Ligand SMILES: Cc1cc2nc3c(=O)[nH]c(=O)nc-3n(C[C@H](O)[C@H](O)[C@H](O)COP(=O)(O)OP(=O)(O)OC[C@H]3O[C@@H](n4cnc5c(N)ncnc54)[C@H](O)[C@@H]3O)c2cc1C
Ligand code: SF4
């Protein structure tokens, strides 16, 4: 171990930019076994492992690095899977530069961070290849049942924990495939879909019952789930797209980011997408402008490149340093030919009857910091300019739906942001035996946080159910 000074950081090979933009396959090649050993040995085995605190799942990284370096991959895998339900997914799509690797001591010391995410993925893929991952067989089947609303990472992580404890688990999902944003939001060049479906199949084989095309609040009511099940876990994410407020924002050429990405992911499954066939969601030969600077915006620009757009521009009101998206994704987008217009914001969209279609925009400058510590962008007088845009993709973030109305549950308390209130009682909402986890509690966040909350909420449901039984 501790070879970080002699052996350099070696990240998994990236496919060449000119090659990877021709398809929607993942862009990173898996880390080979020999590299896995070599790179694990770089771990500094810190007495106070900052990487572990940088990981929302509190993954025991130094210990599994030690085992992996010693060639004990099975033990390393067991340890990594003990705290993470979806390690092969986190290894691929966690923004490691902002989490575990961002605080890695060799990285901080200028030697390059240990490639934690790539090693986690490689160990997990080895586990799948070797058949170490088998369906969950609870020691004892219990009569207790839990209904989970939503099959994103929060719902899936909770389902696995509850099945391990022997609970009967039913997942209600309004989409036609399980996985939430793992399936329909995140593009396959970051996360191929068979990786997600392999996990949902595993849960299916583990006895989790998925009800697809079943929307709670429409096809089935929350009240019915509460009367049928011992507990309900709400894990429906956040799906209300924030809208552009400029004149012309309602034009047909303005597309919400998630509608665009869902369309692209559906095409990857071989589905027919009418709005794509009719051209509205098809970027081919068009000049595309994506508005926003987060990971969703990065996914949209890179999808547009792959669909054959003639030019892709990203317009963001702050500067590069203050963009919320991952650095790695920015670098990938740049390499793939995306142009960035920092410190710029749209003022009007001219689509109908204007040839060529365009956006009128203005330059911004950064003013005093806001309450969240980020600098407030302000318009620069006299800085108007125009950008050609045949299609505008709005990637401005997401808010929660009105869940008390949707679920006909006026007593379901929400925060001032519309997310579900759970704070006072761990993950239990204001409704007895109704819990909540993931983005619908935290607001739009990360997969790894959804997994963490799904696991913790499941642990609380298990604890409360058993405690009640013992007290009876
Ligand atoms: C485009 C995009 C890219 C992203 N990229 C990354 C990334 O690279 N890395 C990362 O860590 N995070 C990323 N994220 C964020 C991440 O995907 C989310 O934080 C995470 O998926 C939240 O998990 P969740 O389980 O809370 O909700 P979701 O994944 O949103 O799943 C919720 C599920 O509930 C279902 N549902 C909702 N309401 C109902 C209802 N009433 N009845 C039945 N079903 C319902 C939905 O259909 C959905 O399937 C990205 C997000 C987006 C939008
Ligand atoms: S789950 Fe994410 S943050 Fe945690 S060790 Fe893995 S890649 Fe890093």
(Q) Using a Förster radius of 35 Å, what is the FRET efficiency between residue 471 and residue 220 based on their Cβ-Cβ separation? Nearest 0.05, please. (A) 0.70
Q.
Once R0 is set to 30 Å, what does the formula 1/(1 + (r/R0)^6) return for the Cβ-Cβ distance between residue 331 and residue 23, expressed as a FRET efficiency to the nearest 0.05?
A. 0.95
Q. Between residue 176 and residue 9, what is the label-to-label distance in nm when each label sits 7 Å out along the Cα-to-Cβ direction?
A. 4.2
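Would you please calculate the Kirkwood hydrodynamic radius of the chain over all C-alpha pairs and express it in Å, rounded to one decimal? Before the final figure, lay out the partial values.
Working: mean 1/r = 0.0422 Å⁻¹.
Here the Kirkwood hydrodynamic radius works out to 23.7 Å.
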Q. Please state the equivalent ellipsoid semi-axes for the stretch 159-233: what are the square roots of 5 times the Cα gyration tensor eigenvalues, largest first, in whole Å?
A. 24, 17, 9
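What does the convex hull of the alpha-carbon atoms of the stretch 3-130 project to on average, in nm²? Present the calculation step by step, with values, prior to reporting the outcome.
Numbers: hull surface 31.7 nm².
If you wrap the Cα atoms of the stretch 3-130 in a convex hull and average its projections, you get 7.9 nm².
Tell me what the chain gives for mean residue ellipticity at 222 nm when only DSSP H runs of n ≥ 4 count, each as -39,500 (n - 2.57), the sum divided by the residue total, rounded to 500 deg cm²/dmol. Let's see the in-between values first.
On the way: 19 runs with 170 residues, N = 472.
One gets -10000 deg cm²/dmol as the mean residue ellipticity at 222 nm.
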Q: Just subtract the alpha-carbon distance of residue 139 and residue 415 from 0.36 nm times their residue separation and send over the number in nm, one decimal.
A: 95.4 nm
Q. Say each of residue 271 and residue 408 gets a label point 7 Å from the Cα, pointing the same way as Cα to Cβ; how far apart are those two points in nm?
A. 2.7
Q. Say R0 is 51 Å: what FRET efficiency, to the nearest 0.05, do residue 228 and residue 50 get from their beta-carbon distance?
A. 0.65
Q | Additional length obtainable on full extension of the chain from residue 1 to residue 130, 0.36 nm per residue less Cα span | A | 43.9 nm
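Work out how much length residue 70 to residue 201 would gain on full extension: take 0.36 nm times their residue separation and subtract the Cα-Cα distance, in nm to one decimal. Working shown, then result.
Numbers: separation 131, 0.36 × 131 = 47.16 nm, distance 3.20 nm.
Working it through step by step, the gained length comes to 44.0 nm.
Since every read-out is calculated from the coordinates, none of them should be taken as a lab result. Because the structure is predicted, anything quoted here is derived from the model rather than measured. With ideal geometry, Cβ positions are generated from the backbone for all residues, glycine too; neighbour counts draw on all protein chains shown.
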